[in-house]
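Single-structure report; data block below.
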Amino acid sequence: MGKRTPLYDTHRRSGAKLADFAGWDMPIHYGSQIEEHHRVRKDAGMFDVSHMLGLDLTGPEAFPYLSRLLANDVAKLALPGRALYSCLLDDDGGVIDDLIVYFFNAEHYRIVVNAGTAEKDLAWMERQAASFAAEITPRRDLAMIAVQGPQARGKVWRAYPGTRTASESLPPFFAAFDGDWLISRTGYTGEDGFELALPALQATEVWEELQQTGVAPCGLGSRDTLRLEAGMNLYGQDMDETVTPLESGLAWTVALTGERDFIGKRALLAQRDSPASTRRQLTGLLLLERGVPRAHQAVLTAHGDGEITSGSFSPTLQQGIALARLPGAVAVGEIVRIDIRGKSHPARVVKPPFARHGKILVS
């Protein structure tokens, strides 16, 4: 038996297919993964993401601590509620995890980390905090519900009209408190919406109220195809401690300029300045015939071999898509070959995302 979120019994009563995910018993779908995918692209769906861990960081040296800890620059967080996506790196530049940090004030931040890496992340963060006047507090008293889709915000406001005042003017990647709720305009689907952090004891009531307002319960199966279409990395597949952000399509999350010295910076500078022939890149693949690409399948190119990190059938594009780590010399538009069960399939190299905000972005 795995760990259970506060919504576990609700999922069971709703007939969800449950399976292990990072040690948690989580809903994979509620009947049709494809229908759930389309519901998020066209209307509104919700995901239980309470297996992820929120960490409150407090103390007079919270800012210098994060400046040392993270590859992205927390000095960008100048306004209360602003959120920042970043990688947590080891000394060699390998990705320990990817995370979101929210700024409340100079002595209070919230960090949300992935479920499968939560204990590892917390241990690493606490070791790095030893020389700073900063304290990390895990928030397992909270549940998290992601409400995603073009109609998501409107349906949250319909279910809970009082939240509209706090959240209607939120720009993307900002958050606001409404009582003991944190409402953030973030997500992992390529669609608009909110991620709600709220007391765990309220989770079932909120889930059921949102469902009555027309928000469809969705499982992690559709969340995975949605994030892949949106070109969003999955930790443990598209990046891990064996690769750096520069090899994972995440160079935009790394602030290498300036004098700030963060963990892993020296390794990233050395990699950035290395010969182009030794570099790898994460890019997109669009399968040009029937088939479904999957992780770890080989990709053959004129510049050397690569490997698929994430692959699936895209419900929006109605064809196979993938993220793949390829030699740095491979260019967008090139035709490569994917080895699917011993048969070679042609694919075109494209720049992710494949689809966002209900629109197909590649052809």
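Considering only the stretch 67-83, I want to know if a residue exists there that is out of contact with any Leu (no Cβ under 9 Å at 6 or more places or on another chain) and either β-branched (Val, Ile, Thr) or surrounded by 22 or more Cβ atoms within 10 Å (Cβ to Cβ) (or both). There is no residue in the stretch 67-83 that is out of contact with any Leu (no Cβ under 9 Å at 6 or more places or on another chain) and either β-branched (Val, Ile, Thr) or surrounded by 22 or more Cβ atoms within 10 Å (Cβ to Cβ) (or both). Residues that are buried (at least 23 other Cβ atoms within 10 Å of the Cβ), of a type outside the set (A, V, I, L, M, F, W, C) and either more than 16 Å from the chain's Cα centre (by Cα) or closer than 14 Å to ARG39 by Cα (or both) within the stretch 181-213 comprise THR189, GLY190, GLU191, GLY193, listed in sequence order. Within this structure, GLY190 passes the test of being outside any strand (DSSP E or B) and in contact with a His (Cβ under 8 Å, 6 or more places away or on another chain). Any idea how many residues of the stretch 344-363 are of a type in the set (D, E, K, R) and crowded, with 16+ Cβ neighbours inside 10 Å? Residues flagged as of a type in the set (D, E, K, R) and crowded, with 16+ Cβ neighbours inside 10 Å within the stretch 344-363 amount to 2. Restricting attention to the stretch 214-228 and to residues that are crowded, with 24+ Cβ neighbours inside 10 Å and assigned to a loop (DSSP other than H, G, I, E, B), the residue that is farthest from the chain's Cα centre (by Cα) turns out to be VAL215.
Listed by position, the strands (runs of 3 or more DSSP E) enclosed by the stretch 67-132 that each have at least 1 residues that are more than 20 Å from ILE183 (Cα to Cα) are 83-89, 95-105. Against the list (1) under 19 Å from ALA115 (Cβ atoms); (2) assigned to a strand (DSSP E or B); (3) in contact (Cβ under 8 Å) with a residue 40 or more places away in the chain, the condition ASP25 fails is (3). Of all residues in the stretch 291-314, exactly one satisfies the criterion of being assigned to a loop (DSSP other than H, G, I, E, B) and without any contact (Cβ under 8 Å) to a residue 24 or more places away in the chain, namely HIS296.
The residues of the stretch 226-261 that are farther than 21 Å from GLU191 by Cβ, touching a helix residue (DSSP H, G or I) at 6+ places or on another chain (Cβ under 9 Å) and of a type in the set (Asp, Glu), listed by number, are GLU247, ASP261. The sole residue among ALA71, ALA115, ALA62 that is modelled with pLDDT of 95 or more and touching a Cys at 6+ places or on another chain (Cβ under 7 Å) is ALA71.
With respect to LEU228, determine if the residue is more than 30 Å from HIS38 (Cα to Cα), hydrophobic (A, V, I, L, M, F, W, C) and in contact with a Ser or Thr (Cβ under 7 Å, 6 or more places away or on another chain). No.
Conditions tested, residue by residue: (1) of a type in the set (Lys, Arg); (2) closer than 26 Å to LEU246 by Cα.
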residue: ILE28; (1), (2): no, no
residue: MET52; (1), (2): no, yes
residue: LYS76; (1), (2): yes, yes
residue: LEU79; (1), (2): no, no
residue: LEU89; (1), (2): no, yes
residue: PHE103; (1), (2): no, yes
residue: VAL112; (1), (2): no, yes
residue: LYS120; (1), (2): yes, yes
residue: TRP124; (1), (2): no, yes
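Taking the conditions (1) out of contact with any Pro (no Cβ under 8 Å at 6 or more places or on another chain); (2) assigned to a helix (DSSP H, G or I) in turn, GLU195 satisfies each one other than (2). Exactly one residue out of THR117, THR163 is without any contact (Cβ under 8 Å) to a residue 24 or more places away in the chain and buried (at least 18 other Cβ atoms within 10 Å of the Cβ), and it is THR163.
The values are calculated or read from the model by the stated rules, or taken from the named source; none is laboratory data. Because the structure is predicted, anything quoted here is derived from the model rather than measured. Don't worry about glycine lacking a Cβ; one is built from the backbone with ideal geometry, like all the others, and counts go over all protein chains shown.
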